[in-house]
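Chemist: Once you've had a glance at the structure underneath, I'll fire off some questions.
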Amino acid sequence: MEFDFSPVIDYLPTLLQGVGVTLLIGLAVTVMSVIGGQIVAVISLYTRKVVSWPLRFFIWLFMTTPLLLQLYFLYFGIGEWILIPAIVVGVLGLGFHYMAYNADIFIATIRSVSSGQYEASRSLGFGHLATLFYVILPQAFYRALPQLSNNMIIMVKDISVLSAIGIGEMVYVSQYAISVTFRPFEFYITIAVIYYLINLMMEAGQSWIERRAAYRR
Amino acid sequence: MTQTTDTPMVELKGVKKRFGDLEVLKGIDLRVDRGRIISIIGPSGSGKSTLLRSVNNLEVIDEGSILLDGMQVNRPDLKGLAYERHINHIRQNMGMVFQHFNLFPHLSTLENVTLAPRKLKGMNASGARELGMELLERVGLADKAQAYPSSLSGGQKQRVAIARALAMQPKVMLFDEATSALDPELVEEVNLVMKGLAEEHMTMLIVTHEMTFARDVSDWAMFMDGGVVVEANTPENLFSHPDQERTQHFLRKHLGAQA
(Lines give C-alpha, C1' and ligand atoms only; values in the text may rest on other atoms or scores of the structure.)
Protein backbone atom coordinates (compact mmCIF):
# COMPACT_ATOMS: atom_id res chain seq x y z
CA MET A 1 0.00 0.00 0.00
CA GLU A 2 1.09 3.57 -0.46
CA PHE A 3 0.85 6.44 1.95
CA ASP A 4 -0.89 9.63 1.07
CA PHE A 5 -0.59 12.37 3.65
CA SER A 6 -2.48 15.02 1.71
CA PRO A 7 -5.79 14.35 3.58
CA VAL A 8 -3.84 14.93 6.81
CA ILE A 9 -2.75 18.31 5.48
CA ASP A 10 -6.38 19.08 4.60
CA TYR A 11 -7.53 18.20 8.06
CA LEU A 12 -4.63 19.87 9.85
CA PRO A 13 -6.77 22.71 11.34
CA THR A 14 -9.16 20.10 12.78
CA LEU A 15 -6.27 18.04 14.14
CA LEU A 16 -4.67 21.09 15.69
CA GLN A 17 -7.96 21.90 17.35
CA GLY A 18 -7.84 18.39 18.83
CA VAL A 19 -4.29 19.01 20.00
CA GLY A 20 -5.47 22.24 21.64
CA VAL A 21 -8.29 20.41 23.43
CA THR A 22 -5.88 17.71 24.61
CA LEU A 23 -3.43 20.29 25.94
CA LEU A 24 -6.12 22.34 27.69
CA ILE A 25 -7.60 19.25 29.34
CA GLY A 26 -4.08 18.19 30.31
CA LEU A 27 -3.45 21.54 31.96
CA ALA A 28 -6.79 21.55 33.79
CA VAL A 29 -6.31 17.97 35.03
CA THR A 30 -2.72 18.70 36.12
CA VAL A 31 -3.80 21.69 38.20
CA MET A 32 -6.78 19.85 39.66
CA SER A 33 -4.98 16.60 40.44
CA VAL A 34 -1.85 18.19 41.91
CA ILE A 35 -3.63 20.66 44.17
CA GLY A 36 -6.41 18.19 44.97
CA GLY A 37 -3.89 15.41 45.55
CA GLN A 38 -2.13 17.49 48.21
CA ILE A 39 -5.40 18.36 49.92
CA VAL A 40 -6.52 14.73 49.90
CA ALA A 41 -3.12 13.60 51.26
CA VAL A 42 -3.19 16.14 54.09
CA ILE A 43 -6.77 15.30 55.04
CA SER A 44 -6.15 11.58 54.98
CA LEU A 45 -2.97 11.93 57.08
CA TYR A 46 -4.04 14.49 59.64
CA THR A 47 -7.75 14.16 60.30
CA ARG A 48 -9.87 11.81 62.34
CA LYS A 49 -10.78 8.43 60.93
CA VAL A 50 -14.37 9.52 60.27
CA VAL A 51 -13.02 11.87 57.63
CA SER A 52 -9.86 10.13 56.48
CA TRP A 53 -11.19 6.61 56.00
CA PRO A 54 -13.94 7.46 53.49
CA LEU A 55 -11.36 9.53 51.63
CA ARG A 56 -8.92 6.64 51.55
CA PHE A 57 -11.74 4.45 50.31
CA PHE A 58 -12.26 6.81 47.38
CA ILE A 59 -8.54 6.86 46.58
CA TRP A 60 -8.59 3.08 46.61
CA LEU A 61 -11.74 3.00 44.45
CA PHE A 62 -10.25 5.31 41.82
CA MET A 63 -6.99 3.39 41.73
CA THR A 64 -8.52 -0.08 41.44
CA THR A 65 -11.11 0.52 38.74
CA PRO A 66 -10.49 1.34 35.07
CA LEU A 67 -10.59 4.96 33.99
CA LEU A 68 -13.00 4.14 31.18
CA LEU A 69 -15.45 2.60 33.63
CA GLN A 70 -15.20 5.66 35.87
CA LEU A 71 -15.93 7.92 32.90
CA TYR A 72 -18.93 5.84 31.79
CA PHE A 73 -20.20 5.83 35.33
CA LEU A 74 -20.00 9.61 35.59
CA TYR A 75 -21.31 10.32 32.12
CA PHE A 76 -23.97 7.66 31.50
CA GLY A 77 -24.61 6.52 35.08
CA ILE A 78 -24.97 9.82 36.86
CA GLY A 79 -26.15 11.28 33.55
CA GLU A 80 -29.42 9.39 34.15
CA TRP A 81 -30.29 12.03 36.74
CA ILE A 82 -28.25 15.07 35.89
CA LEU A 83 -26.87 15.83 32.47
CA ILE A 84 -23.29 17.00 32.89
CA PRO A 85 -21.50 18.31 29.80
CA ALA A 86 -19.02 15.74 28.48
CA ILE A 87 -16.05 18.07 28.83
CA VAL A 88 -16.84 18.59 32.54
CA VAL A 89 -17.18 14.84 33.07
CA GLY A 90 -13.91 14.33 31.21
CA VAL A 91 -11.93 16.83 33.26
CA LEU A 92 -13.50 15.76 36.57
CA GLY A 93 -13.17 12.04 35.83
CA LEU A 94 -9.56 12.26 34.76
CA GLY A 95 -8.93 14.81 37.52
CA PHE A 96 -10.26 12.55 40.27
CA HIS A 97 -8.49 9.54 38.82
CA TYR A 98 -5.09 11.23 38.88
CA MET A 99 -5.88 13.06 42.10
CA ALA A 100 -5.98 9.63 43.71
CA TYR A 101 -2.62 8.66 42.21
CA ASN A 102 -1.04 11.98 43.15
CA ALA A 103 -2.47 11.84 46.68
CA ASP A 104 -0.82 8.47 47.07
CA ILE A 105 2.55 10.02 46.15
CA PHE A 106 2.04 13.01 48.46
CA ILE A 107 1.11 10.75 51.38
CA ALA A 108 4.43 8.96 50.95
CA THR A 109 6.54 12.11 50.53
CA ILE A 110 4.87 13.95 53.43
CA ARG A 111 5.69 10.95 55.60
CA SER A 112 9.27 10.98 54.35
CA VAL A 113 9.97 14.50 55.67
CA SER A 114 11.92 13.88 58.88
CA SER A 115 10.42 14.59 62.28
CA GLY A 116 13.39 16.90 62.88
CA GLN A 117 11.91 19.31 60.35
CA TYR A 118 8.65 19.34 62.26
CA GLU A 119 10.43 19.87 65.56
CA ALA A 120 12.64 22.65 64.19
CA SER A 121 9.59 24.51 62.96
CA ARG A 122 7.63 23.96 66.17
CA SER A 123 10.61 25.09 68.25
CA LEU A 124 10.60 28.41 66.37
CA GLY A 125 7.02 28.89 67.51
CA PHE A 126 5.11 27.80 64.40
CA GLY A 127 1.85 25.97 65.04
CA HIS A 128 0.93 22.62 63.55
CA LEU A 129 -0.83 24.04 60.48
CA ALA A 130 1.81 26.70 59.83
CA THR A 131 4.47 24.00 60.05
CA LEU A 132 2.58 21.91 57.54
CA PHE A 133 2.18 24.85 55.20
CA TYR A 134 5.63 26.45 55.36
CA VAL A 135 7.87 23.47 56.10
CA ILE A 136 6.40 20.03 55.43
CA LEU A 137 4.31 20.48 52.27
CA PRO A 138 6.91 22.40 50.23
CA GLN A 139 9.48 19.69 50.94
CA ALA A 140 6.98 16.94 50.21
CA PHE A 141 6.17 18.69 46.94
CA TYR A 142 9.81 18.86 45.80
CA ARG A 143 10.26 15.22 46.67
CA ALA A 144 7.09 14.27 44.80
CA LEU A 145 8.11 16.01 41.56
CA PRO A 146 9.72 13.08 39.70
CA GLN A 147 6.74 10.79 40.25
CA LEU A 148 4.24 13.59 39.74
CA SER A 149 5.63 14.43 36.33
CA ASN A 150 5.63 10.74 35.40
CA ASN A 151 1.96 10.58 36.34
CA MET A 152 1.22 13.66 34.26
CA ILE A 153 2.98 12.17 31.23
CA ILE A 154 0.83 9.04 31.55
CA MET A 155 -2.24 11.22 32.09
CA VAL A 156 -1.77 13.10 28.83
CA LYS A 157 -1.93 9.81 26.97
CA ASP A 158 -5.03 8.83 28.94
CA ILE A 159 -6.82 11.91 27.62
CA SER A 160 -7.41 9.82 24.48
CA VAL A 161 -9.82 7.69 26.54
CA LEU A 162 -12.12 10.73 26.70
CA SER A 163 -12.90 10.15 23.00
CA ALA A 164 -15.21 7.42 24.31
CA ILE A 165 -17.57 10.03 25.69
CA GLY A 166 -17.32 12.22 22.60
CA ILE A 167 -14.77 14.82 23.63
CA GLY A 168 -13.04 16.34 20.61
CA GLU A 169 -9.47 15.65 21.63
CA MET A 170 -6.78 14.38 19.27
CA VAL A 171 -7.91 10.79 18.83
CA TYR A 172 -11.56 11.74 18.50
CA VAL A 173 -10.98 14.31 15.76
CA SER A 174 -8.72 11.93 13.86
CA GLN A 175 -11.43 9.23 14.04
CA TYR A 176 -13.76 11.76 12.49
CA ALA A 177 -11.26 12.66 9.79
CA ILE A 178 -10.64 8.97 9.04
CA SER A 179 -14.36 8.30 8.70
CA VAL A 180 -14.44 10.89 5.95
CA THR A 181 -11.09 10.27 4.22
CA PHE A 182 -10.57 6.51 4.85
CA ARG A 183 -6.85 7.07 5.55
CA PRO A 184 -6.44 5.53 9.05
CA PHE A 185 -2.70 4.87 8.89
CA GLU A 186 -1.76 8.39 7.90
CA PHE A 187 -3.85 9.93 10.65
CA TYR A 188 -2.80 7.48 13.34
CA ILE A 189 0.85 7.96 12.45
CA THR A 190 0.42 11.73 12.59
CA ILE A 191 -1.32 11.54 15.96
CA ALA A 192 1.38 9.22 17.28
CA VAL A 193 4.06 11.68 16.20
CA ILE A 194 2.21 14.55 17.87
CA TYR A 195 1.91 12.52 21.08
CA TYR A 196 5.60 11.73 20.87
CA LEU A 197 6.43 15.43 20.50
CA ILE A 198 4.20 16.40 23.43
CA ASN A 199 5.92 13.75 25.52
CA LEU A 200 9.32 14.99 24.45
CA MET A 201 8.40 18.49 25.58
CA MET A 202 7.04 17.21 28.87
CA GLU A 203 10.20 15.24 29.52
CA ALA A 204 12.28 18.33 28.83
CA GLY A 205 10.09 20.25 31.25
CA GLN A 206 10.42 17.45 33.77
CA SER A 207 14.20 17.52 33.72
CA TRP A 208 14.19 21.33 33.91
CA ILE A 209 12.00 21.20 37.03
CA GLU A 210 14.13 18.35 38.38
CA ARG A 211 17.32 20.37 38.10
CA ARG A 212 15.73 23.31 39.91
CA ALA A 213 14.28 21.10 42.63
CA ALA A 214 17.36 18.95 43.24
CA TYR A 215 19.23 21.35 45.50
CA ARG A 216 16.10 22.15 47.50
CA ARG A 217 15.68 18.63 48.81
CA MET B 1 5.73 39.69 80.63
CA THR B 2 9.27 40.24 81.85
CA GLN B 3 9.78 39.69 85.54
CA THR B 4 12.14 41.38 87.90
CA THR B 5 15.82 40.61 87.43
CA ASP B 6 15.90 38.03 90.20
CA THR B 7 13.24 35.89 88.56
CA PRO B 8 15.20 32.98 87.12
CA MET B 9 15.17 32.83 83.32
CA VAL B 10 14.50 29.11 83.40
CA GLU B 11 13.38 27.13 86.40
CA LEU B 12 12.65 23.42 86.68
CA LYS B 13 10.98 22.00 89.75
CA GLY B 14 10.68 18.27 90.35
CA VAL B 15 10.56 17.44 86.64
CA LYS B 16 9.69 13.81 85.92
CA LYS B 17 9.32 12.16 82.55
CA ARG B 18 8.50 8.59 81.62
CA PHE B 19 8.67 6.79 78.29
CA GLY B 20 6.33 3.90 78.95
CA ASP B 21 7.68 2.10 81.99
CA LEU B 22 11.07 3.76 81.76
CA GLU B 23 11.51 6.81 83.93
CA VAL B 24 14.06 8.99 82.12
CA LEU B 25 13.84 12.06 84.35
CA LYS B 26 13.47 11.29 88.03
CA GLY B 27 12.75 14.65 89.59
CA ILE B 28 15.05 17.34 88.25
CA ASP B 29 15.43 20.77 89.85
CA LEU B 30 17.33 23.48 88.04
CA ARG B 31 17.56 27.24 88.23
CA VAL B 32 19.12 29.26 85.42
CA ASP B 33 19.53 32.96 86.14
CA ARG B 34 19.52 35.41 83.24
CA GLY B 35 22.80 35.65 81.41
CA ARG B 36 24.07 32.39 82.86
CA ILE B 37 25.39 29.47 80.89
CA ILE B 38 24.71 25.97 82.13
CA SER B 39 26.30 22.89 80.62
CA ILE B 40 24.74 19.49 81.03
CA ILE B 41 27.03 16.51 80.52
CA GLY B 42 26.49 12.80 80.95
CA PRO B 43 26.51 9.46 79.15
CA SER B 44 23.99 8.66 76.40
CA GLY B 45 20.67 7.71 77.85
CA SER B 46 21.28 9.80 80.96
CA GLY B 47 18.24 11.95 80.16
CA LYS B 48 20.13 15.13 79.35
CA SER B 49 18.63 15.59 75.89
CA THR B 50 15.17 14.74 77.18
CA LEU B 51 15.64 17.36 79.88
CA LEU B 52 16.58 20.01 77.32
CA ARG B 53 13.70 19.08 75.01
CA SER B 54 11.34 19.28 77.98
CA VAL B 55 12.28 22.91 78.54
CA ASN B 56 10.39 23.96 75.40
CA ASN B 57 7.88 21.14 75.67
CA LEU B 58 9.08 19.10 72.69
CA GLU B 59 8.89 16.40 75.35
CA VAL B 60 5.84 16.78 77.55
CA ILE B 61 6.76 16.14 81.16
CA ASP B 62 4.64 13.96 83.43
CA GLU B 63 5.24 15.74 86.72
CA GLY B 64 6.75 18.94 88.03
CA SER B 65 6.86 22.35 86.47
CA ILE B 66 9.00 24.35 84.09
CA LEU B 67 9.05 28.14 84.07
CA LEU B 68 10.47 30.52 81.52
CA ASP B 69 10.99 33.99 82.95
CA GLY B 70 8.16 33.37 85.37
CA MET B 71 5.79 31.92 82.74
CA GLN B 72 4.66 28.33 83.19
CA VAL B 73 5.81 26.30 80.16
CA ASN B 74 4.08 22.97 80.77
CA ARG B 75 0.34 23.48 80.95
CA PRO B 76 -1.47 20.14 81.24
CA ASP B 77 -4.67 22.14 81.89
CA LEU B 78 -4.66 23.57 78.36
CA LYS B 79 -6.00 21.53 75.44
CA GLY B 80 -6.27 21.96 71.69
CA LEU B 81 -6.01 25.47 70.30
CA ALA B 82 -5.51 27.11 73.69
CA TYR B 83 -2.47 24.91 74.25
CA GLU B 84 -1.16 25.62 70.73
CA ARG B 85 -1.39 29.37 71.27
CA HIS B 86 0.31 29.11 74.64
CA ILE B 87 3.17 26.89 73.56
CA ASN B 88 3.81 28.81 70.32
CA HIS B 89 4.14 31.99 72.38
CA ILE B 90 6.53 30.30 74.82
CA ARG B 91 8.64 28.77 72.06
CA GLN B 92 9.01 32.12 70.30
CA ASN B 93 11.02 33.15 73.35
CA MET B 94 13.37 30.17 73.22
CA GLY B 95 15.86 29.31 70.52
CA MET B 96 16.68 25.67 69.99
CA VAL B 97 19.65 24.23 68.14
CA PHE B 98 19.57 20.55 67.20
CA GLN B 99 22.28 17.95 66.76
CA HIS B 100 21.27 17.36 63.14
CA PHE B 101 20.76 21.06 62.34
CA ASN B 102 17.30 20.53 60.84
CA LEU B 103 17.64 23.42 58.43
CA PHE B 104 14.76 23.76 55.98
CA PRO B 105 16.26 22.36 52.76
CA HIS B 106 13.71 24.03 50.47
CA LEU B 107 14.69 27.51 51.63
CA SER B 108 17.86 29.50 51.08
CA THR B 109 20.10 30.25 54.04
CA LEU B 110 18.64 33.75 54.36
CA GLU B 111 15.07 32.45 54.06
CA ASN B 112 15.78 29.89 56.78
CA VAL B 113 16.72 32.74 59.11
CA THR B 114 13.90 35.10 58.13
CA LEU B 115 10.97 32.66 57.90
CA ALA B 116 10.00 32.89 61.57
CA PRO B 117 10.32 36.69 62.01
CA ARG B 118 8.39 37.25 58.77
CA LYS B 119 5.55 34.86 59.42
CA LEU B 120 5.34 35.00 63.21
CA LYS B 121 6.25 38.61 63.92
CA GLY B 122 4.85 40.01 60.68
CA MET B 123 8.18 41.62 59.86
CA ASN B 124 8.24 43.09 56.35
CA ALA B 125 10.54 41.68 53.67
CA SER B 126 13.20 44.40 53.84
CA GLY B 127 13.28 44.47 57.65
CA ALA B 128 13.56 40.69 57.80
CA ARG B 129 16.28 40.74 55.16
CA GLU B 130 18.25 43.27 57.15
CA LEU B 131 17.89 41.24 60.34
CA GLY B 132 18.75 38.02 58.49
CA MET B 133 21.89 39.48 56.92
CA GLU B 134 22.96 40.90 60.28
CA LEU B 135 22.62 37.48 61.90
CA LEU B 136 24.36 35.69 59.04
CA GLU B 137 27.15 38.25 59.34
CA ARG B 138 27.38 37.43 63.02
CA VAL B 139 27.87 33.72 62.33
CA GLY B 140 30.25 34.55 59.48
CA LEU B 141 28.04 33.37 56.61
CA ALA B 142 26.75 36.55 54.98
CA ASP B 143 28.31 35.39 51.70
CA LYS B 144 26.15 32.24 51.80
CA ALA B 145 22.83 34.09 52.11
CA GLN B 146 21.51 32.83 48.76
CA ALA B 147 22.95 29.31 49.09
CA TYR B 148 20.76 26.32 49.89
CA PRO B 149 21.50 24.10 52.89
CA SER B 150 22.47 21.16 50.65
CA SER B 151 25.56 23.11 49.53
CA LEU B 152 26.78 23.92 53.05
CA SER B 153 29.20 22.00 55.28
CA GLY B 154 27.97 20.66 58.62
CA GLY B 155 29.62 23.48 60.52
CA GLN B 156 28.07 26.07 58.24
CA LYS B 157 24.66 24.44 58.57
CA GLN B 158 24.87 24.58 62.33
CA ARG B 159 25.91 28.24 62.26
CA VAL B 160 22.89 29.01 60.08
CA ALA B 161 20.72 27.05 62.51
CA ILE B 162 22.02 29.22 65.35
CA ALA B 163 21.27 32.37 63.33
CA ARG B 164 17.78 31.02 62.62
CA ALA B 165 17.16 30.47 66.33
CA LEU B 166 18.48 33.94 67.18
CA ALA B 167 16.17 35.59 64.65
CA MET B 168 13.25 35.45 67.06
CA GLN B 169 15.35 37.29 69.66
CA PRO B 170 14.94 34.53 72.24
CA LYS B 171 15.43 34.99 75.97
CA VAL B 172 17.25 31.70 76.21
CA MET B 173 19.08 29.41 73.80
CA LEU B 174 18.95 25.63 74.08
CA PHE B 175 21.74 23.63 72.45
CA ASP B 176 21.12 19.90 72.06
CA GLU B 177 24.53 18.38 71.27
CA ALA B 178 25.09 21.08 68.68
CA THR B 179 28.51 19.78 67.67
CA SER B 180 28.05 16.01 68.09
CA ALA B 181 27.25 15.37 64.42
CA LEU B 182 30.16 17.43 63.13
CA ASP B 183 33.54 16.35 61.83
CA PRO B 184 36.17 17.28 64.44
CA GLU B 185 37.65 20.04 62.29
CA LEU B 186 34.25 21.75 62.03
CA VAL B 187 33.49 21.80 65.75
CA GLU B 188 35.58 24.87 66.49
CA GLU B 189 33.70 27.25 64.15
CA VAL B 190 30.43 26.39 65.90
CA ASN B 191 32.02 26.66 69.34
CA LEU B 192 33.31 30.11 68.42
CA VAL B 193 29.80 31.30 67.57
CA MET B 194 28.54 29.92 70.88
CA LYS B 195 31.38 31.62 72.76
CA GLY B 196 30.39 34.87 71.04
CA LEU B 197 26.87 34.46 72.40
CA ALA B 198 28.28 33.74 75.84
CA GLU B 199 30.22 37.00 75.74
CA GLU B 200 26.98 38.82 74.94
CA HIS B 201 25.44 37.26 78.07
CA MET B 202 22.86 35.18 76.29
CA THR B 203 21.24 32.74 78.72
CA MET B 204 22.18 29.28 77.48
CA LEU B 205 21.48 25.68 78.34
CA ILE B 206 24.00 23.46 76.62
CA VAL B 207 23.85 19.68 76.37
CA THR B 208 27.26 18.65 75.12
CA HIS B 209 29.92 16.00 74.78
CA GLU B 210 32.62 18.65 74.46
CA MET B 211 34.10 18.65 77.93
CA THR B 212 36.76 21.27 77.25
CA PHE B 213 34.20 23.59 75.72
CA ALA B 214 31.81 23.08 78.62
CA ARG B 215 34.58 23.86 81.08
CA ASP B 216 35.67 27.01 79.23
CA VAL B 217 32.33 28.55 78.48
CA SER B 218 29.88 27.71 81.22
CA ASP B 219 29.14 29.24 84.62
CA TRP B 220 27.70 26.06 86.02
CA ALA B 221 28.02 22.43 84.99
CA MET B 222 25.74 19.49 85.69
CA PHE B 223 26.54 15.82 85.40
CA MET B 224 23.49 13.67 84.75
CA ASP B 225 23.20 9.91 84.84
CA GLY B 226 20.19 7.60 85.00
CA GLY B 227 17.68 10.45 84.99
CA VAL B 228 19.09 12.31 87.98
CA VAL B 229 21.55 15.15 88.47
CA VAL B 230 24.45 13.31 90.07
CA GLU B 231 26.53 16.38 90.66
CA ALA B 232 26.39 20.10 89.86
CA ASN B 233 29.11 22.60 90.51
CA THR B 234 31.21 25.32 88.97
CA PRO B 235 32.98 23.92 85.92
CA GLU B 236 36.39 24.23 87.63
CA ASN B 237 35.25 22.07 90.51
CA LEU B 238 33.14 19.63 88.52
CA PHE B 239 35.80 18.91 85.93
CA SER B 240 38.87 19.09 88.18
CA HIS B 241 37.64 17.79 91.53
CA PRO B 242 34.43 15.84 91.03
CA ASP B 243 32.96 14.59 94.31
CA GLN B 244 30.97 11.65 93.05
CA GLU B 245 32.49 8.44 91.87
CA ARG B 246 30.16 8.24 88.82
CA THR B 247 31.28 11.70 87.74
CA GLN B 248 34.94 10.77 88.19
CA HIS B 249 34.44 7.61 86.18
CA PHE B 250 32.66 9.45 83.36
CA LEU B 251 35.23 12.22 83.20
CA ARG B 252 38.13 9.77 83.23
CA LYS B 253 36.63 8.12 80.18
CA HIS B 254 35.97 11.38 78.34
CA LEU B 255 38.86 13.57 79.35
CA GLY B 256 41.48 10.82 79.41
CA ALA B 257 44.79 12.23 80.67
CA GLN B 258 43.23 15.61 81.44
CA ALA B 259 41.19 14.35 84.39
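The values are calculated or read from the model by the stated rules, or taken from the named source; none is laboratory data. Since the model is a prediction, treat every value here as computed from it, not as a measurement. Virtual Cβ from ideal backbone geometry, glycine too; neighbours counted across all protein chains shown. Ligands, DNA and RNA are excluded from the accessible area calculation, which covers all protein heavy atoms including side chains. Shrake-Rupley method; radii C 1.70, N 1.55, O 1.52, S 1.80 Å.
Chemist: Among the aspartates and glutamates, select those whose C-alpha is under 16 Å from the C-alpha of B:Lys144, and discard any that sit fewer than 8 residues away in the same chain.
Modeler: Straight-distance partners of B:Lys144: B:Glu111, B:Glu130, B:Glu134, B:Glu189.
Chemist: Roughly how much accessible area, to the nearest 100 Å², goes out of reach of solvent when A and B pair up, both sides summed, probe 1.4 Å?
Modeler: 2000
Chemist: Using amide H atoms built in the peptide plane, which far-off residues or other-chain residues are under 5 Å from B:Val97 H to H?
Modeler: For B:Val97, whose amide H was placed from the backbone, the distant partners under 5 Å are B:Leu174, B:Phe175, B:Asp176.
Chemist: Using the Kirkwood radius built from alpha carbon pairs, what does the Stokes-Einstein equation give as D for the protein assembly as shown at 10 °C and 1.306 mPa s, in µm² per second?
Modeler: The estimated diffusion coefficient comes to 60 µm²/s.
Chemist: Taking a probe of 1.4 Å, how large is the accessible area per residue of chain B, in Å²?
Modeler: Value returned for chain B: 43 Å² of accessible area per residue.
Chemist: Now for a separate question. List, in order, the whole-Hz ³J(HN,Hα) value for each residue of region A:129-143 obtained from phi through the Karplus relation with A = 6.51, B = -1.76, C = 1.60 and θ = phi - 60°; use x for Gly and Pro.
Modeler: These are the phi-based 3J(HN,Hα) values: 5, 4, 4, 4, 6, 8, 10, 6, 4, x, 5, 4, 5, 4, 5 Hz.
Chemist: Now, a different point. With the calculation restricted to Cα positions, what are the radius of gyration and Dmax of region B:147-259 in angstrom?
Modeler: Cα radius of gyration and Dmax of region B:147-259 are 15.3, 49 Å respectively.
Chemist: Determine the sum of side-chain charges near B:Val217: Lys and Arg each +1, Asp and Glu each -1, restricted to other residues whose C-beta is under 13 angstrom from that of B:Val217.
Modeler: That works out to -4.
Chemist: Which value, in Å², gives the accessible area per residue of region A:58-217 when a 1.4 Å probe is used on the protein heavy atoms?
Modeler: On a per-residue basis, 49 Å².
Chemist: Still on this structure, please answer the following. Residue by residue through B:98-109, how many Cβ atoms from other chains fall within 10 Å of the Cβ on average? Provide the component values of the computation, followed by the final result.
Modeler: Details: counts 4, 1, 3, 2, 10, 3, 9, 10, 15, 5, 2, 0.
Mean shielding by partner chains, rounded to a whole number: 5.
Chemist: How would A:Val91, A:Val50, B:Val160 line up by accessible area, probe 1.4 Å, largest first? Don't skip to the answer; put the middle values down first.
Modeler: On the way: A:Val91 30, A:Val50 120, B:Val160 0 Å².
Largest accessible area first, the list is A:Val50, A:Val91, B:Val160.
Chemist: Next up: Sum up the charges of everything whose Cβ sits under 15 Å from the Cβ of A:Ala41, counting Lys and Arg as +1 and Asp and Glu as -1, but leave A:Ala41 out.
Modeler: Values: positive: A:Arg56, A:Arg111, A:Arg143; negative: A:Asp104.
Overall, the nearby charge balance is +2.
Chemist: Hey, could you get me the Stokes-Einstein D for region A:1-150, Kirkwood radius over alpha-carbon pairs, 10 °C and 1.306 mPa s, rounded to whole µm² s⁻¹?
Modeler: Translational D for this selection: 88 µm²/s.
Chemist: Computing the accessible area with a 1.4 Å probe over protein heavy atoms, can you report the carbon and sulfur percentage for region A:7-216?
Modeler: 72
Chemist: If amide hydrogens are placed 1.01 Å from N in the peptide plane, which non-local residues have theirs closer than 5 Å to the one on B:Val10?
Modeler: B:Val32, B:Asp69
Chemist: While we're looking at this one, here's another question. Can you tell me which lysines have their Cα less than 17 Å from the Cα of B:Lys48? Leave out same-chain residues fewer than eight positions away.
Modeler: In chain and number order, the partners are B:Lys13, B:Lys16, B:Lys17, B:Lys26.
Chemist: Where nothing but the Cβ of Lys and Arg (+1) and of Asp and Glu (-1) is charged, how large is the charge dipole of the protein assembly as shown around its Cα centre, in debye to the nearest 20? Don't skip to the end; give the middle numbers.
Modeler: Numbers: 41 positive and 44 negative charges, 156 e Å.
Charge dipole of the protein assembly as shown: 740 debye, to the nearest 20.
Chemist: OK, next. To the nearest whole number, what is the average tally of beta carbon atoms from other chains within 10 Å of the beta carbons of peptide B:118-130?
Modeler: Mean shielding by partner chains, rounded to a whole number: 1.
Chemist: Pop out the ³J(HN,Hα) list for region B:74-91 in order, Karplus 6.51 cos²θ - 1.76 cosθ + 1.60 with θ = phi - 60°, rounded to Hz; leave Gly and Pro as x.
Modeler: Those phi angles translate into 7, 9, x, 6, 8, 10, x, 5, 4, 5, 4, 4, 4, 6, 5, 5, 4, 5 Hz.
Chemist: A further question follows. On average, how much area does the Cα convex hull of chain B cover when viewed from any direction, in nm²?
Modeler: One quarter of the hull surface, i.e. the mean projection, equals 14.6 nm².
Chemist: Okay, next question. Taking θ = phi - 60°, what integer Hz values does the Karplus form 6.51 cos²θ - 1.76 cosθ + 1.60 yield along region A:200-211, in sequence order, with x for Gly and Pro?
Modeler: For region A:200-211, the Karplus-derived couplings read 4, 5, 5, 5, 5, x, 4, 6, 5, 4, 4, 4 Hz, x marking Gly and Pro.
Chemist: Taking the dipole about the Cα centre of chain A, with the C-beta of Lys and Arg at +1 and of Asp and Glu at -1, give me whichever of A:Phe57, A:Ala120, A:Ala130 is farthest to the positive side.
Modeler: A:Ala120
Chemist: Here is a follow-up. Counting only other chains, and only Cβ atoms inside 10 Å, what mean value do you get across the residues of B:209-215? Walk me through the numbers on the way to the answer.
Modeler: Numbers: counts 0, 0, 0, 0, 0, 0, 0.
Rounded to a whole number, the mean comes out at 0.
Chemist: Sort B:Leu136, B:Leu192, A:Leu129 from largest to smallest accessible area, using a 1.4 Å probe on the heavy atoms of the protein chains. Walk me through the numbers on the way to the answer.
Modeler: Values: B:Leu136 0, B:Leu192 100, A:Leu129 130 Å².
Result, largest first: A:Leu129, B:Leu192, B:Leu136.
Chemist: For A:Thr64, what accessible surface area do you get with a 1.4 Å probe? Give it in Å², rounded to 10.
Modeler: Ignoring ligands and nucleic acids, A:Thr64 comes out at about 80 Å².
Chemist: On a straight-distance basis, which aspartates and glutamates could pair with A:Lys157 in a cross-link, Cα separation under 13 angstrom, same-chain partners fewer than 8 positions away excluded?
Modeler: Here the aspartates and glutamates satisfying the reach criterion relative to A:Lys157 are A:Glu169.
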